[in-house]
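The numbers here are math on the coordinates, done by the rules we state, and not lab data. Nothing here was measured: the structure is a model prediction, and the numbers come from that model. Every residue, glycine as well, gets a Cβ built from its backbone with ideal geometry; the counts of neighbours run over all protein chains shown.
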Amino acid sequence: MTLAVLTLAALPPTPPAVWPLQPRPEIVRGFELPAKPWLPGHRGVDLAGRIGQPVLAATPGRVTYAGPLAGRGVVTITTGPRRTTYEPVVPEVAVGATVTTGTVIGRLSAADSHCLPRACLHWGLLQGKRYLNPLTLLPRRPIRLLPLAAQPAVNSVGNPADKPAGDPPDGSRRAAKLVIAATAALTLTAGLLIRRE
């Protein structure tokens, strides 16, 4: 089996992002990108909160919108081609203000909430005109891979010849481990590339 070795270019440092609600909120509804831009979907994530809870800037940038939009308060923070959006929010920042990660940008409102009767924050991320999952901004946890099959039982003497008959031969086991390692490397690379956008 041949494996391709991927070399990652040095990526520019990305400022660390934080959850826009603290402590870490429950995700009420996840990101669901529609197949076509005009089709229904969920272009952000809904985070459980409470009315009046401080809403934090998940990333640094400049406030490019802060006010009512379609019956609810919205704050937009722009950094280059990337915009993060927060709604429904009673803004506490003005357009043109520069914010750092963790700055209070407003208070969570119940006006036109996606989660009625509960309050929740709809957090969105756009790169140019493309919607992305805002959870990709957050630091990742380590990836843990589990074995494809249960480990073979070894008798009290430890003789490998006494493996159960249903286990794959050692060559197949090595091939499976290589496939898992290659998949993990590709997944990590894809995650870094997505995060870079």
Ranked packing of 121-128, 19-26, most packed first, by mean Cβ within 10 Å: 121-128, 19-26
By per-residue mean of other Cβ atoms within 10 Å, what is the highest-first order of 43-55, 100-112? 43-55, 100-112
Segment residue 48-residue 104, extension gain: residue separation times 0.36 nm, minus the distance between their alpha carbons: 18.4 nm
What length, rounded to one decimal in nm, is gained on full extension from residue 111 through to residue 174, with 0.36 nm per residue of separation minus their alpha-carbon distance? 17.0 nm
Expected unfolding gain across residue 28-residue 130 under the 0.36 nm per residue rule, minus the alpha-carbon gap, is 34.5 nm
